[in-house]
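Chemist: Below you'll find the structure I mean.
The values are calculated or read from the model by the stated rules, or taken from the named source; none is laboratory data. These numbers come from a predicted model, not from an experiment. Here the Cβ positions follow ideal geometry from the backbone for every residue, glycine too, while neighbour counts run over all protein chains shown. Ligands, DNA and RNA are stripped out before the accessible areas are found, and what is left, the full protein with its side chains, is counted by its heavy atoms. Shrake-Rupley method; radii C 1.70, N 1.55, O 1.52, S 1.80 Å.
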Amino acid sequence: MTDKQRTHVQYRNIAGSLLFIAGVVIFLGIITAETLYPGYNTGQNMISDLGATEPPNSIIIQPSATIFNISMMVCGLCIIISAYCIHRALYSGKFTLPLALFGTGALGVGIFPGNYGAVHGISALLTFIFGGVAAIMTYKVVTSPFRYFSMVLGSIALLDLLLYYILGASSPFAIFGIGGLERWIAYPIALWVTGFGGYLMGSAERSI
């Protein structure tokens, strides 16, 4: 193996590890924050309520808020750094740009909780849109069958988001409540992040 190939393997390993960490952190962070939030309802409460509810009468419950916000910041940073590593390994800007924007959105969600209003909303939208796009764009850099799993998960997230903005309460996903609807956007993306991290680590191992 040449030095260049060895470097690419190292970058894939780092990126995979960071994405896997991001996926684990987001799941465990949300679950932990939910359990410590009195009266929290996954059907009626949005995920971001864990950090702070929307203004003007924002509610912040500790330690849930700190746990959720830190989890999102860690997740965002891991994804941004992984995007850089993947770019160095694969030289695929068309894929790594959406991934970096996804991470930037997640970081913004943690830095600007729900009580920040519009700034938080923009960050969440960046997370959902570019998370879904990045998952679909994975087909350019992975092989089957993970290629198809990624496209399905990204499509579910974007379809849910699109139907919500077009149909509102008439969206088929609205049967789950606003919290459930949002989770059908966020969780497919989080599952893809975790799976993609494992894929990159596995492919790096096979390259050695």
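Chemist: Among the numbered criteria (1) under 19 Å from the mean Cα position of the chain (by Cα); (2) small (Gly, Ala, Ser); (3) under 29 Å from Ile175 (Cβ atoms), which one does Ser17 miss?
Modeler: (3)
Chemist: Could you tell me which of the residues Ala22, Ala15, Ala52, Ala89 is touching a His at 6+ places or on another chain (Cβ under 6 Å) and in contact (Cβ under 8 Å) with a residue 60 or more places away in the chain?
Modeler: Ala89
Chemist: For residues that are outside any helix (DSSP H, G or I) and modelled with pLDDT of 95 or more, scanning just the stretch 89-116, find the one that is farthest from Pro55 (Cα to Cα).
Modeler: Filtering first and then ranking leaves Phe112.
Chemist: Let me spell it out: the conditions are (1) over 12 Å from the mean Cα position of the chain (by Cα); (2) open to solvent by less than 50 Å² (accessible area, probe 1.4 Å), and Phe196 meets all of them except one. Which number is the exception?
Modeler: Only one criterion is unmet by Phe196, namely (1).
Chemist: In the stretch 1-30, which residues are within 20 Å of Gly198 (Cβ to Cβ) and basic (Lys, Arg)?
Modeler: Arg12
Chemist: Right, something else. State yes or no: is Ile60 out of contact with any Cys (no Cβ under 6 Å at 6 or more places or on another chain) and under 20 Å from Gly103 (Cα atoms)?
Modeler: In short, no.
Chemist: Please determine, by comparing only the residues of the stretch 158-172 that are in contact with a Phe, Trp or Tyr (Cβ under 9 Å, 6 or more places away or on another chain) and open to solvent by less than 30 Å² (accessible area, probe 1.4 Å), which one is modelled with the lowest pLDDT.
Modeler: Filtering the stretch 158-172 for residues that are in contact with a Phe, Trp or Tyr (Cβ under 9 Å, 6 or more places away or on another chain) and open to solvent by less than 30 Å² (accessible area, probe 1.4 Å), the one modelled with the lowest pLDDT comes out as Ser171.
Chemist: For the stretch 41-69, how many residues meet the condition of being assigned to a loop (DSSP other than H, G, I, E, B) and under 16 Å from Gly110 (Cα atoms)?
Modeler: 11
Chemist: A further question on this structure: Only one of these conditions is not met by Glu54: (1) at pLDDT below 95; (2) under 22 Å from Tyr199 (Cβ atoms); (3) not hydrophobic (A, V, I, L, M, F, W, C). Which number is it?
Modeler: Answer for Glu54: the failing condition is (2).
Residue by residue, here is whether (1) open to solvent by 30 Å² or more (accessible area, probe 1.4 Å); (2) aliphatic (A, V, I, L, M); (3) under 15 Å from Val25 (Cβ atoms) holds:
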| position | (1), (2), (3) |
| --- | --- |
| Ser71 | no, no, yes |
| Phe95 | no, no, no |
| Pro98 | no, no, no |
| Ile111 | yes, yes, no |
